[in-house]
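Working notes, structure below.
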Amino acid sequence: MARRVNIARGDARALDFADASFDAIVCIEAAGDICVTEQDKHRFVSELHRVLRRGGHVGFSDLALRTCPSLEDDRVLRALLYHGGAELVTDWPALFARHGFSIVVRRDIIVETMPTWDSARAVYEQRRLEVIRRHGRRLADRTRAQIELIPKILANYAIFPVLSALKG
């Protein structure tokens, strides 16, 4: 596969490729980290549209929020995900549609992502003593308490869109 795949580093909001360079693009769980502002999100989807050939597909998924969380829940998200809730509020399918894509498949798999947090809690508990040694009991206890809150916060506010979009 290495002979057929070329890995290039760059800014996904300003891709260094010619127009209509690709038949397909896959972006899995990265857009929210790349795109914090609304302008970033529009630039990103616009760039995907620009470098994709007519009839090309985009496979996309990422965590997003439907609405801004309460201030208390926002502090938890910021502490663990390094993003405030307002940065994560995005209707990705609508954004893709506004940039000329047709949504072929759309699913919300937030419920299917919840076991990730069970795993995070288990790993954190397993390495609890190490965390206490490195960061102190106070920070370790606060982080563990925040990890416990994440599933409820996500259930209240989050979506995890998985979509296939077609450039017409």
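Scanning the stretch 7-28 for residues that are of a type outside the set (A, V, I, L, M, F, W, C) and surrounded by 13 or more Cβ atoms within 10 Å (Cβ to Cβ) turns up 13, 21. The condition of being acidic (Asp, Glu) and open to solvent by 60 Å² or more (accessible area, probe 1.4 Å) holds for only one of 40, 108, 74, that being 108.
Within the stretch 1-54, the set of residues being assigned to a helix (DSSP H, G or I) and not hydrophobic (A, V, I, L, M, F, W, C) comprises 32, 33, 38, 39, 40, 41, 42, 43, 46, 47, 49, 50. Put simply, of 84, 100 the only residue that is over 13 Å from residue 159 (Cβ atoms), without any contact (Cβ under 8 Å) to a residue 24 or more places away in the chain, open to solvent by less than 70 Å² (accessible area, probe 1.4 Å) and in contact with a helix residue (DSSP H, G or I) (Cβ under 6 Å, 6 or more places away or on another chain) is 84.
The values are calculated or read from the model by the stated rules, or taken from the named source; none is laboratory data. None of these values were measured; they are calculated from a predicted model. Virtual Cβ from ideal backbone geometry, glycine too; neighbours counted across all protein chains shown. Quick note on the areas: whole protein, heavy atoms, side chains included, nothing else; ligands and nucleic acids left out. Shrake-Rupley method; radii C 1.70, N 1.55, O 1.52, S 1.80 Å.
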